[in-house]
Amino acid sequence: MKTVWVRHGQSEYNAQNLSTGFHDPLLTEQGVAEANQVAELLMHRYPDIHDLWCSDLRRSYYTANIISEKTQWPNEIKISPYIRERDYGDWSGKNKDQIRSELGDEEFFKIRRGWNTPPKHGESLKDTAARVYEFLKVVKKDSLNQLPHIIVCHGNTIRAAAVLAGKRTPENVHEFEIHTGEIVEWDF
């Protein structure tokens, strides 16, 4: 099954260096421009698709909507909470540099980029991967042809999918970074 993962365009929280998680900020002007650039690239690379998915958070939906309008694929946007961003719990809405200063580099990176350790009242990346795995089971069940599934979601969702796709391991997933408005393609 061919999947094309798209990280949403820059959000207001991304621009302010805030941990977003389940918070629901809008796209910035740069985020809208990134969504349009991704749409151009996808339109030329994939004249037809199987389906277009996004999470139930606005930054993901608005990016998917821009892609849908620009590409004019006949598919409706499918929405899934399974591909939401990782729940950052008590970190949500807080400045990343401030959190890092309070915790120290080692603890901050263990939680932010590690596999097993969640922020207080939040999810670990392993927890996020469990949600993404459930999403992939649904998509795979519906995969009737070789056309790609376009999945517009979030950085940690894509990081978790990288482990599920065998592109990263729990031990080296911290090295994987995907920027807003960026695309990766994997077969599952």
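List pairs: first in segment 167-183 and in contact (Cβ under 8 Å) with a residue 24 or more places away in the chain and among the hydroxyl-bearing types (Ser, Thr, Tyr), second buried (at least 16 other Cβ atoms within 10 Å of the Cβ) and in a loop (DSSP other than H, G, I, E, B), Cβ under 9 Å, 6+ apart or cross-chain?
Thr180/His8; Thr180/Gly9; Thr180/Gln10
Go through (1) part of a helix (DSSP H, G or I); (2) buried (at least 20 other Cβ atoms within 10 Å of the Cβ); (3) in contact with a helix residue (DSSP H, G or I) (Cβ under 7 Å, 6 or more places away or on another chain); (4) not basic (Lys, Arg) one by one and return the number of the condition Ile99 breaks.
(2)
Quick one: is Thr63 assigned to a loop (DSSP other than H, G, I, E, B) and either touching a residue at least 24 places away in the same chain (Cβ under 8 Å) or surrounded by fewer than 21 Cβ atoms within 10 Å (Cβ to Cβ) (or both)?
Judged against the criteria, Thr63 is not a match.
Among (1) modelled with pLDDT under 95; (2) of a type in the set (Asp, Glu); (3) closer than 30 Å to Asn116 by Cβ, there is one condition Asp48 misses while meeting the rest; what is its number?
With (1) modelled with pLDDT under 95; (2) of a type in the set (Asp, Glu); (3) closer than 30 Å to Asn116 by Cβ applied to Asp48, the lone miss is (3).
Considering segment 76-88 alone, what residues qualify as being surrounded by fewer than 16 Cβ atoms within 10 Å (Cβ to Cβ) and either assigned to a helix (DSSP H, G or I) or among the aromatic types (Phe, Trp, Tyr) (or both)?
Of everything in segment 76-88, just one residue is surrounded by fewer than 16 Cβ atoms within 10 Å (Cβ to Cβ) and either assigned to a helix (DSSP H, G or I) or among the aromatic types (Phe, Trp, Tyr) (or both), namely Pro81.
The values are calculated or read from the model by the stated rules, or taken from the named source; none is laboratory data. Everything numeric in this text was worked out from a predicted model, so none of it was measured. Note that each Cβ is placed from the backbone with ideal geometry, even for glycine, and that neighbours are counted across all protein chains shown.
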